[in-house]
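Quick notes on the structure that follows.
The values are calculated or read from the model by the stated rules, or taken from the named source; none is laboratory data. Nothing here was measured: the structure is a model prediction, and the numbers come from that model. Every residue, glycine among them, receives a Cβ derived from its backbone with ideal geometry; neighbour counts consider all protein chains shown.
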Amino acid sequence: MGCFYDSAQKDPSVVEVNGVWCGGSSSFGVVVVMDSATNAVAAARVKLPRSSSRFSHVTPIHCGLRELRNRINSVKNTQKITEAMKLVSAAKVRRAQEAVVNGRPFSETLVEVLYYINEQLQTEDIDMPLTNIRPVKKVALVVITGDRGLCGGFNNNIIKIAEARIAELKNQGVEYTVISVGKKGKSYFIRRPHIPVDRFLEGMGFPTAKEAQAIADDVFSLFVSEEVDKVELLYTKFVSFVKYVPVIQTLLPLSPKGRICDMNGVSVDADGDEFFRLTTKEGKLAVERDVVRTETAELSPILQFEQDPVQILDALLPLYMNSQILKALQESLASELAARMCAMSNATDNAVELKKSLSIIYNRERQAKITGEALEIIAGADALT
């Protein structure tokens, strides 16, 4: 570029006047040739090797300037939408996460009390309908999905877990029925009439005790009437801001206490609850994380209840069901919002990169068009002389 040949050898001096641009699948340059003897000037467009282009990493796009402008504007509008959705999800996920973390101590302590009382009743050979483990002939699956999309693989992952569990029950010869919670679950199961669905429920924003009560009443009636012998919750557990795992939890009968595990039996419980704060760093959204270790106090082995254990268990079991279902709804919502925030953040970054690439291609095509017109003017002037 910009190299001159020895005029003594009667070779023309070659100067690149406009740089290199990309047009279609090749790179081109415009050169001005000056004869040293006659001082005649001519211009020509020459094809250059692909490696000589400064922007050879950009994928060529075959379209005109107007189409490129439309694509750039479309990417800009998409970037604004994804950026707005990221900020909205970031604002909501903090509230959802606080609800999850604040509700865990109550639900965990309640489960501890129930297990302690249930062990006492088992030693005294007292039967309770909601704690009796009977042969499983039919299982009710409460599948909790999201109400909206644009959250990565959040909904797809929980549906895959449901499909795997249904296939497992079929192989074991066990009947099943589904209680679908969430619009995405409804749209999935309604297109598959071969899967028996007992009820469809849709969320109304942040979970409330009233919504949990509606689900609890349904599963309670199914279990007590012995229409089903087991009730399982399938939801996405919120482990941390960047980790959320689909899990299966036995709701009824009262299952042995322990950790919540995934399909492979691996524990998904975190060592502590993660709190985060939304801040700005270099003009962009940033997240600061704090991990708080939580420990559940063990019940004293000499703990005595004044009331009859049967009465206590009768009073606590409905509360247990409501709290577990509400916790599953809250964890699922927090996971959905966190997944949407990460997905929209990645989409925004991709839109920025795509806009840069399209702008480079647009500038090259515009430069090529201007240079082509300049060539015509130079050629016309040379013809007149």
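General observations
- For beta carbons closer than 9 Å, sequence separation of 6+ or different chains, a first residue in the range 157-178 that is part of a helix (DSSP H, G or I) and a second that is exposed (fewer than 13 other Cβ atoms within 10 Å of the Cβ), the qualifying pairs are Lys160/Gly153.
- Scanning the range 79-135 for residues that are surrounded by 14 or more Cβ atoms within 10 Å (Cβ to Cβ), modelled with pLDDT of 85 or more and part of a loop (DSSP other than H, G, I, E, B) yields nothing.
- The set of residues in the range 238-256 that are hydroxyl-bearing (Ser, Thr, Tyr), modelled with pLDDT under 85 and under 24 Å from Ala216 (Cβ atoms) contains only Ser255.
- Of residues in the range 312-339 being in contact with a Pro (Cβ under 7 Å, 6 or more places away or on another chain) and of a type in the set (A, V, I, L, M, F, W, C), the one nearest to Val113 (Cα to Cα): Leu326
- Selection status of Val174, assigned by TED's automatic domain parsing to the domain that holds Leu251 and more than 23 Å from Gln330 (Cβ to Cβ): yes
- Within the range 179-206, tally of residues that are touching a residue at least 12 places away in the same chain (Cβ under 8 Å) and small (Gly, Ala, Ser): 4
- Checked against the criterion of being surrounded by 14 or more Cβ atoms within 10 Å (Cβ to Cβ), assigned by TED's automatic domain parsing to the domain that holds Leu333 and not in a strand (DSSP E or B), the candidates Lys210, Lys184, Lys237 yield just one match: Lys184.
- Count of the range 194-235 residues which are aromatic (Phe, Trp, Tyr) and within 30 Å of the chain's Cα centre (by Cα): 3
- Residue list for the range 326-381, filter: among the charged types (D, E, K, R) and within 30 Å of Met204 (Cα to Cα): Lys327, Glu331, Glu336, Arg340
- Residue match in the range 205-220 (condition: touching an Asp or Glu at 6+ places or on another chain (Cβ under 9 Å) and more than 20 Å from Leu316 (Cβ to Cβ)): yes
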